[in-house]
Amino acid sequence: MGSFSTAALAGPPFQTDDPEPIEFQNYEFYTFASSDGTGVETDTFGPALEFNWGALPNVHLHIIVPAAAVFPANNPNLAPAGVGPRAFGIGDIELGIKYRFVQETKHRPMIGTFTMFEMPSGNASRGLGVGKTWYKVPLWVQKSFGPWTTYGGGGATVVNAPGYRNFAFAGWLVQRDLGKKVTLGTEVFYHGPEGIATPQTRPATLVDVGGYYKFRDPGFQLLFCYGHTAVGQTENYAYLGLYWTWGKKADKDKPGDQDKPPGAAFHVGPDRFMGPT
């Protein structure tokens, strides 16, 4: 049977998210691919589509529809975990609501949450989904200083399915605008053990480096990121995508002001040896 890593999608291209919703009556669209894996298995999203809508002041609605794939190591030393066929198909669809309840001022950071609902649209028997609805409940904080922006926080992933466990996640990021075309950032991101039905069977702390290249600021940008474990279970994370935004006051929106791929805070999927959930 297949396991699947739904690395929590957060503030693209990073795993850490921020509390800043897109502007009211603005829209964002991403097309992207991401990868997250350990020695047990590598799981990917892509092609995947993300759409965000500034439905209300301080609130935006979010959806990701991903194609998903699982690539087990098939190493007998890891049996029964990480042993099974490769699979490709639609993954669990991510729905979310970002709400900023504290505005940023000169001396005060903005604070918000981005609750996500992962719907069981992926085929759990093939390892492309969990088989039940699961949730991510975070709290994020952000502060800007001229060309510098820093944000982070953490929360819990809640999943009630055989082979999975609830776990904590946390991250912090610093990024800087380098002229008008390029923004670069680095983050430290931690997640706890996610259960024997996932490749992330042990905790890991990753260091990721990435950013944005602005073909047209703000309307059209390239997003990229790569990261590797610094402490804990060996894990690799990567993201590559294109971003568009439009609507009223679109010049105030930027990538990362919304969620990431079904994946930066959660890498989950049905167990390869437990059978369908």
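Bear in mind these aren't lab numbers, they're just calculated from the coordinates by the rules spelled out. Every value quoted in this text rests on a predicted model; they were computed, and no experiment measured them. Note: ideal-geometry Cβ built from the backbone for every residue, glycine included; neighbour counts use all protein chains shown.
What ³J(HN,Hα) values, in whole Hz, does the Karplus curve 6.51 cos²θ - 1.76 cosθ + 1.60 give for segment 140-152 when θ = phi - 60°, with x put for Gly and Pro?
Listing the rounded values in order: 10, 10, 9, 9, 10, 9, x, x, 9, 9, 10, 7, x Hz.
Using Cα positions and a limit of under 14 Å, work out the aspartates and glutamates in reach of residue 248, with same-chain residues fewer than 8 apart set aside.
Hits, sequence-local ones excluded: 23, 28.
Using 1/(1 + (r/R0)^6) with R0 = 30 angstrom and r between the beta carbons of residue 213 and residue 135, what's the FRET efficiency to the nearest 0.05?
With R0 = 30 Å, the Cβ-Cβ based efficiency is 0.35.
Across every pair of different alpha-carbon atoms, what Kirkwood hydrodynamic radius in Å does segment 127-173 reach?
It is 12.7 Å.
Residue 99 label point, 7 Å along Cα→Cβ, cut-off 16 Å on backbone N: hits in segment 56-89?
Zone members listed by number: 56-62.
Can you list the residues, at least 5 places off or on another chain, whose amide H is less than 5 Å from the amide H of residue 93, using H built in the peptide plane?
When sequence neighbours closer than 5 places are left aside, the close amide H contacts are 119, 121, 122.
Per-residue HN-Hα couplings for segment 159-165, Karplus 6.51 cos²θ - 1.76 cosθ + 1.60 at θ = phi - 60°, whole Hz, x for Gly and Pro?
9, 10, 8, x, x, 10, 9
So how do 232-243, 206-217 stack up, highest first, on mean other-Cβ count within 10 Å?
With the highest mean Cβ count within 10 Å placed first, the list reads 232-243, 206-217.
Name the trypsin sites (Lys or Arg not before Pro) in segment 97-138 that are in a loop by DSSP and that have at most 10 other C-beta atoms within 10 Å, would you?
Here the trypsin sites (Lys or Arg not before Pro) that fit, given the DSSP loop and packing criteria, are 106.
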